[in-house]
1. Keeping every protein chain present and rolling a 1.4 Å probe, give me the accessible area per residue for region 115-175 in Å².
2. Say a paramagnetic label sat at a point 7 Å from the Cα of GLU195, along Cα to Cβ; which residues of region 146-179 have their backbone N under 16 Å from it?
3. Which percent of the accessible area of region 85-185 is formed by carbon and sulfur heavy atoms (probe 1.4 angstrom)?
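The values are calculated or read from the model by the stated rules, or taken from the named source; none is laboratory data. Bear in mind that the values here come from a model prediction, so they are computed numbers and not experimental data. With ideal geometry, Cβ positions are generated from the backbone for all residues, glycine too; neighbour counts draw on all protein chains shown. Heads up: the accessible areas ignore ligands, DNA and RNA and are worked out on the full protein's heavy atoms, side chains in. Shrake-Rupley method; radii C 1.70, N 1.55, O 1.52, S 1.80 Å.
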Amino acid sequence: MSQPSVRLPFAIAAVVFAAALVAAMPSVARADDPTGVARVRVLRGDVDLKRADSGDTVAAAINAPITVGDYLTTHAGARAEIELDYGTVVRVAPESQLRFTKLGSSDHVVQLARGTAELRVYRNSGAGASIESPLGTLRAQGVGRFRLTVKSDGSTEIDARSGNADVVTAVGTQTLASGMSLAISGTAADPDVREVAAFAPDDFHYLCCRRE
């Protein structure tokens, strides 16, 4: 199955970013925070899962389990919805790639390497939920809808459609209130974080709205 093309410099950056995440994951194995399992809840089009344990790439299926280290890739025209727990889902737009770096009783962490994803927290389940990009991390403060886009140059756009979140970068932590949008560019060590006008709705936005 063919994979969507990625510019070489960003592909290298994504690999380095993923390797850094692996090195930062010792807390996953703590006895007080056992590793959990997510599942594919909605699937449309051509979506792949690359398994961390075997390295095999398989076609995703409804209710397929997702564990720490797995990659999910949506191809052109495809999308997916992943249930992290009973109160939290991640919706994935076409031509996007996620890596699941932590699925525990106290924390869910997903890495967005490219494309667009929406984090939707319906109710407080007791577990925090975060999406990491190459330039920063969005951490939901509670119930809400939060969207991240990682562009081909690695820059990141973040929206708080509803609810509040913390956005953590190398230059500090900023609270993103409902209705706010941020654009992050530069490098991971020295990011330029700017508040910007809300990003225009697109087809993925309306699909997510219909899922409410």
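1. Values: 2140 Å² over 61 residues.
Heavy-atom accessible area per residue stands at 35 Å².
2. Only 158-168, 173-179 fall inside the zone, counting backbone N under 16 Å.
3. Of the solvent-accessible surface of region 85-185, carbon and sulfur hold 45 percent.
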